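J.: Structure provided below as structure tokens; questions to follow.
The values are calculated or read from the model by the stated rules, or taken from the named source; none is laboratory data. Since we're looking at a predicted model, the values are computed, not measured. Here the Cβ is made from the backbone with ideal geometry for all residues, glycine too, and neighbour counts use every protein chain on show. Surface accessibility is based on the protein's heavy atoms, side chains included, excluding ligands, DNA and RNA. Shrake-Rupley method; radii C 1.70, N 1.55, O 1.52, S 1.80 Å.
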Amino acid sequence: MQDEAPLFDVELNSVIKNYGSFRAVDNFSLSVKRGSFTTLLGPSGCGKTTLLRIIAGFYEPDSGSVIIAGKDQRGIPPEKRSTGIVFQDYALFPHMTVEENLAYGLRIRKIDPRTRKEEILKTADSLGLEDLLGRYPGELSGGQQQRLALGRAIILKPRILLMDEPLSNLDAKLRLRVREELKDIQRNLGITTVYVTHDQEEALSLSDYIAVMNKGCLEQAGTPQEVYNFPRTSFAADFTGPANFIGHEGKNYLVRPEWITLREPAATFAGQGRDTLTEPGKALFELTGTVAGADYFGRAMRVRVRLDSAVGGTAAPVTADIGYDLSGQDRFKAGTAVRVFVNTAREIESA
Ligand SMILES: Nc1ncnc2c1ncn2[C@@H]1O[C@H](COP(=O)(O)OP(=O)(O)O)[C@@H](O)[C@H]1O
Ligand SMILES: [Mg+2]
């Protein structure tokens, strides 16, 4: 009898990687559940690509270990690991057609031509590339190139799919569509995925689990709901969504814009309806301020308010989403005095 398959497909244990005297990955530990979509989220330069390449086997860690499917990977080269990688710049072979790009890895693995052809057709079909097999990468749109890069990785049926900011070269509208496609493909294949991005919205919408990275270290890991609603540090709070830090009665709080309700000073709750998230009377605490400006986001107004007091060491305005109430455009003009009802707040250490 074989042992039961391990729960985690990738385990990083205290991984350290230096470039000369610069430490790019610092004592990083993370366990990636089998079949999960796990994201490394952090700003440019925090070590995401380095970590992904360590999993893929392009770099060995200076210390610590990489375990894949229960096996220590030390000394195992990339082509012998059960990983497929989609590089940020796709790294397609420009002088090869779509078909040849897809065939490449299968050839290296000496898969016979008939099986090769079948696999190519199946993969191309699943990614909507079936009519483009004769084209060269230069003759493909950005989205098609992205899918080809993905196809080249998944055609080898890796146990683990690694993706390095795969949507960053696409324009905003396409990025959204491809993002949804990516999620469907990952779910359909059930393939364990480690995804790298600096984009909070991508991370929140795609992931089962997010590892927030800061300067080579793991800042916080959890589900999207956990890291968004219960960030443990101001860095994690700031990097997972719009964040206000408000000092109140000696404590420092994270308050997301949608956790705030704004009111004119004279306003009473009765009969004021549509932008009310919570009845102001039930707010955790109340502050006062002056509208500094408002930004229109189409589906919501974001109102910037300069608080009269109680701001923990910062003069930056607090922002509040007032949701779908378009009347807010007139109600919250710059200079208007407002009451700020904080409906939800998380205590957080000062930055
Ligand atoms: N080959 C290298 N030699 C020296 N420094 C590097 C090298 N690759 C990356 N770095 C540095 O290591 C840090 C982490 O890089 P990287 O892993 O690419 O971060 P990210 O993908 O999060 O932007 C950055 O400060 C980068 O400048
Ligand atoms: Mg990178």
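J.: Enumerate the helices (runs of 4 or more DSSP H) found wholly within region 24-137, keeping only those where 1 or more residues are within 16 Å of ligand 1 (Cβ to nearest atom) and surrounded by 19 or more Cβ atoms within 10 Å (Cβ to Cβ).
T.: Here the list reads 48-56.
J.: Which members of region 168-201 meet the condition of being open to solvent by less than 30 Å² (accessible area, probe 1.4 Å) and under 18 Å from residue 213 (Cβ atoms)?
T.: Matches in region 168-201: 193, 194, 195, 196, 197.
J.: Moving to a separate point now. Which condition from (1) touching a Lys or Arg at 6+ places or on another chain (Cβ under 7 Å); (2) among the charged types (D, E, K, R); (3) without any contact (Cβ under 8 Å) to a residue 40 or more places away in the chain is the one that residue 80 breaks?
T.: (1)
J.: Out of all the residues in region 152-181, which are hydrophobic (A, V, I, L, M, F, W, C), within 16 Å of ligand 2 (Cβ to nearest atom) and either closer than 23 Å to residue 106 by Cβ or part of a helix (DSSP H, G or I) (or both)?
T.: Residues satisfying the conditions are 162, 163.
J.: Also, quick follow-up: Looking at residue 158 and the list (1) loosely packed, with under 15 Cβ neighbours inside 10 Å; (2) touching a residue at least 12 places away in the same chain (Cβ under 8 Å), which single condition is not satisfied?
T.: (1)
J.: Restricting region 202-215 to residues that are within 16 Å of ligand 2 (Cβ to nearest atom) and surrounded by fewer than 19 Cβ atoms within 10 Å (Cβ to Cβ), which is farthest from the chain's Cα centre (by Cα)?
T.: So the residue we want is 215.
J.: Next up: How about region 138-149: which of its residues are open to solvent by less than 10 Å² (accessible area, probe 1.4 Å) and more than 16 Å from residue 96 (Cα to Cα)?
T.: First, the residues of region 138-149 that are open to solvent by less than 10 Å² (accessible area, probe 1.4 Å): 143, 146, 148-149.
Matches in region 138-149: 143 only.
J.: Take region 162-218 and flag every residue that is among the hydroxyl-bearing types (Ser, Thr, Tyr) and away from ligand 1 (no atom under 16 Å from the Cβ).
T.: Listed by number, the residues that qualify are 192, 193, 205, 207, 209.
J.: Any chance you could count how many residues in region 46-75 are more than 16 Å from ligand 2 (Cβ to nearest atom), among the charged types (D, E, K, R) and in contact with an Asp or Glu (Cβ under 9 Å, 6 or more places away or on another chain)? Break it down stepwise before answering.
T.: Applying the first criterion (more than 16 Å from ligand 2 (Cβ to nearest atom)) to region 46-75 yields 57, 60-75.
So of that shortlist, the ones also among the charged types (D, E, K, R) come out as 60, 62, 71-72, 74.
Those still in the list that are in contact with an Asp or Glu (Cβ under 9 Å, 6 or more places away or on another chain) too: 74.
Going through region 46-75 one residue at a time, the tally reaches 1.
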